[in-house]
């Protein structure tokens, strides 16, 4: 049965952001008035790489709606020009912006965040998935409320790991400062790369900068492979407990075979002890980490390089190989042109195709896991 084309049941909202090959727009469901974050991917950019989107959907079908701290895929469809993936709209901002906006920030706050994120990582791993791009920018708050859930987002680089096949992934991907040594060494990698990334995130949450931060990507990579990091400068770490440092060391174990699992990390005393760990101030209370964290983070922001993830470079190299006379600058211009095309499409004016719910497209978000079993996202019009 050929897919049915129907009017789009969403209205276009504002543009929220832009990735390597996709833009993210607000989408409002016409019938319910609900807001979603919609990843919009130009189909011309996906020619020959449809497996990347199919992979993201197959990962999300295993975990959507299964955990309160993981972003849910609610719907997906295509128009003549674009692919659309509709996710939870997280309006509470990125993790670090939220911390910097607080009046104070204690080690117990950092431990609470790490514990919550690690529980979500454990859920992802138990579902047979490795995330491969855990970093603060992919940790978002659901709403601006004080007690809002923190959400693990962006499963674009995730993979299903079939334990019984004992497969190891060998491609280089991720965001350099958060990548584990085995990714660079290409010795095969799997779930332990997420534990390493959580070690980097924890270090970042305690100090405001990353452990392998260097002047060049080459030096950063060499430091990661050598496991070369310190808890310095001292003024940034004197207010952090030895228990917290031990937790970071445990996650940043160079040999992936000796790194803890997510379940074992949650048993570490820094996360498991009822009484919080902290460095005591003269008045007996916990030391406030915010001044140093904010200072380091703001200094880094001022000099922030246009972080081009290795994945983006590899995608562009692949495109360059297909078009040998094209320069990186021309490729960047072409990517930007395609993304601009995607951004201009007005959802309420187009017809869409639901491959996963051909009988009742308008109720696409009601039973996503069942629909996704019938997915046939092949990039065809």
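Quick notes
- Percentage of interatomic Cα-Cα distances in segment 60-117 larger than 14 Å: 70 percent
- Calculated over segment 176-297: convex hull of Cα atoms, volume per residue (Å³): 97 Å³
- For segment 234-295, pairs of C-alpha atoms spaced more than 19 angstrom apart make up 42 percent of the total.
- Exposure proxy ranking, count of Cβ atoms within 10 Å, fewest first, for 340, 146, 182: 146, 340, 182
- One quarter of the surface of the convex hull around the alpha-carbon atoms of segment 9-77 equals 5.4 nm², the direction-averaged projected area.
- Burial order of peptide ranges 262-271, 276-285, 172-181 (average beta-carbon count within 10 Å, highest first): 172-181, 262-271, 276-285
- Expressed in units of 2.2 N^0.38 Å, where N is the residue count, the Cα radius of gyration of segment 95-308 is 0.99.
- Sorted by Cβ density within 10 Å, fewest first, the residues 132, 259: 259, 132
- Take each peptide in 195-206, 210-221, 107-118, count the other Cβ atoms within 10 Å of every residue, and average; sorted highest first, the result is 195-206, 107-118, 210-221.
- The smallest convex shape that holds all Cα atoms of segment 11-153, its convex hull, gives 123 Å³ per residue.
Each reported figure results from applying straightforward, stated rules to the coordinates on display, with no laboratory input. Source: prediction; values computed, not measured. Please note: Cβ atoms are built from the backbone with ideal geometry, for glycine as well, and neighbour counts cover all protein chains shown.
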